[in-house]
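Nothing in this text is a laboratory measurement; each read-out follows from the coordinates by a stated rule. As the structure is a prediction and not an experimental result, all values here were calculated from the model. With ideal geometry, Cβ positions are generated from the backbone for all residues, glycine too; neighbour counts draw on all protein chains shown.
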Amino acid sequence: MKLCYKGIIGLFASLSLLLNACGSEDLTDYLTREYEDYTGEFKSLGGVKVNEKITHLFETDDGEILYSYSDRYDLDDEAYFGKRVDAYGSVSTYEELDKAIFEVKRITEASELEEESEEVTEIEHKDAELGFSLTYPNNWTLKGSVGSVIFEAPAGESTETPDYVYIAELDAALEKTGEDSQEDRATEVRDYVSANYSDLAGLSSELSYIGTDRLFGVRYKTEDGDTLYFISRGTELLELSYYHETESDDDRLNNGNTFSTMVSSFRFTTTPSDSEAEPSATEEESEEKEPEGTSSSTSADQITFSKYLELESKSFEFKMSYPSTWFYDGSSGTGYNFNDDPIAEDSSESVIVMVYNQSTQEGASRTDSTFSVTVEEAGRFYTFKGPAEYESVMQTMADSIVSTKVEE
């Protein structure tokens, strides 16, 4: 008993010396600093005081313990504290500390641990009847019928009708082809849609260029989360659409991202003799000034991503997707910067910029070198701007925006 008592006294004495040394003095310059991604849990410091900035411990899945704090997140929030999360930030080591300090700059929900997880792979589907090909995940179900095909999303635990992608050849007989102006072609498609899709008749639309071959089409997006493309092929018209059937915002985000990936891989395998490769703007068309949202497509090769992460803004009450290998910063208060490298503090460095309510009209605008798109969600307008080669990425990000505002 005496040995145990003396051992306890010695432990408290050592701990007291450590706490007094750490808590009473400012830290020296760091020895090393790296940016790291970790998966783990935020935990309480208990009665330990390390430094005035340090508020929590972070234990990684591998068992490593880090001192942690964040100027961007309340680590005591029930969404983060004691929950398994993915966290990104700077990790610094100091001579006087036994553990590194983790300054948290980004927190996202960690994927669930599974003993056995079925790998999701891409399958190429070639449809001889409809004359197209695309890739889709192997956990989606392909259902075909005469003149159409459906790709059904995984149902999961929900008993609701799952989301699905629908592709069909329509009974339109277009008169405008690649030899006509883009606006004339779009007008003809819009007239057909207005006459045959009553729920789309009052919605705005925009020109869009689909897939690896940049096929000409017109795009609609509904408040319920549906996205519909009407793609011309000579005198023929095809519908390529995502229908959001469930009430889950997570389904809308995840399945919408999958649809965007499917769209980026879409191409025609048969081409009518009177059809031309898209886009095929003539010199006269290139010189014409078209209305906002209908300007001609850039010829830049498109950069695409197969995986996206979720960003949720609690202050602005929305969530959206962004490329999984990218970084973001929202410290400006007017929107978010997205970059393929870490964004330094007080820096405006970015590949894509998203701003709130800069525009009050939905639509897209293109030049040879830049692209911008504005979408409206729950009364707020979001505008994405960036290089032309990221048009597909920006369209995916814009399509993914979902309001998280709780209706009173």
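Miscellaneous remarks
- Pairs of Cα atoms farther than 27 Å apart, the range 118-292, %: 27
- Only Cα sites of the range 45-198 enter the Debye sum here, all with the same form factor; the resulting log10 I(q)/I(0) across q = 0.21 1/Å is -1.32, listed in q order.
- The HN-Hα couplings worked out from phi for the range 203-219 by the Karplus form 6.51 cos²θ - 1.76 cosθ + 1.60 (θ = phi - 60°) are 8, 7, 9, 9, 5, 8, 10, 10, x, 5, 9, 6, 6, 6, x, 10, 10 Hz, whole numbers, x standing for Gly and Pro.
- Estimated vicinal HN-Hα couplings, Hz - the range 304-315 in sequence order (Karplus 6.51, -1.76, 1.60; Gly, Pro = x): 10, 10, 8, 10, 10, 9, 9, 10, 10, 9, 6, 5
- Taking the three principal axes of the alpha carbon atoms in the range 17-109, the coordinate ranges are 36, 27, 25 Å, sorted in descending order.
- GluC sites (Glu not before Pro) lying in DSSP loop within the range 198-267, provided at most 15 other Cβ fall within 10 Å: Glu223, Glu247
- Trypsin sites (Lys or Arg not before Pro) restricted to the range 306-363 and DSSP loop, no more than 15 other C-beta within 10 Å: Lys307, Lys314
- Under 16 Å from Lys99, Cα to Cα: lysines that are on another chain or at least 8 residues apart: Lys43, Lys49, Lys53
- Amide H contacts of Leu45 (H built 1.01 Å from N, in plane; Pro and chain starts excluded): Leu57 sit under 5 Å, all sequence-distant by 5 or more or on other chains.
- For the range 61-144, the alpha-carbon radius of gyration amounts to 1.82 times the rule-of-thumb value 2.2 N^0.38 Å expected for a compact globular protein.
- With 5 Å bins from 0: P(r) over the range 298-408, alpha-carbon pairs, percent: 2, 12, 23, 26, 21, 12, 3, 1, 0, 0
- At most 16 other Cβ within 10 Å, DSSP loop - GluC sites (Glu not before Pro), the range 98-148: Glu112, Glu114, Glu115, Glu116, Glu118, Glu119, Glu129
- Summed residue charge, Cβ within 13 Å of Phe316's Cβ, Lys/Arg positive, Asp/Glu negative: +1
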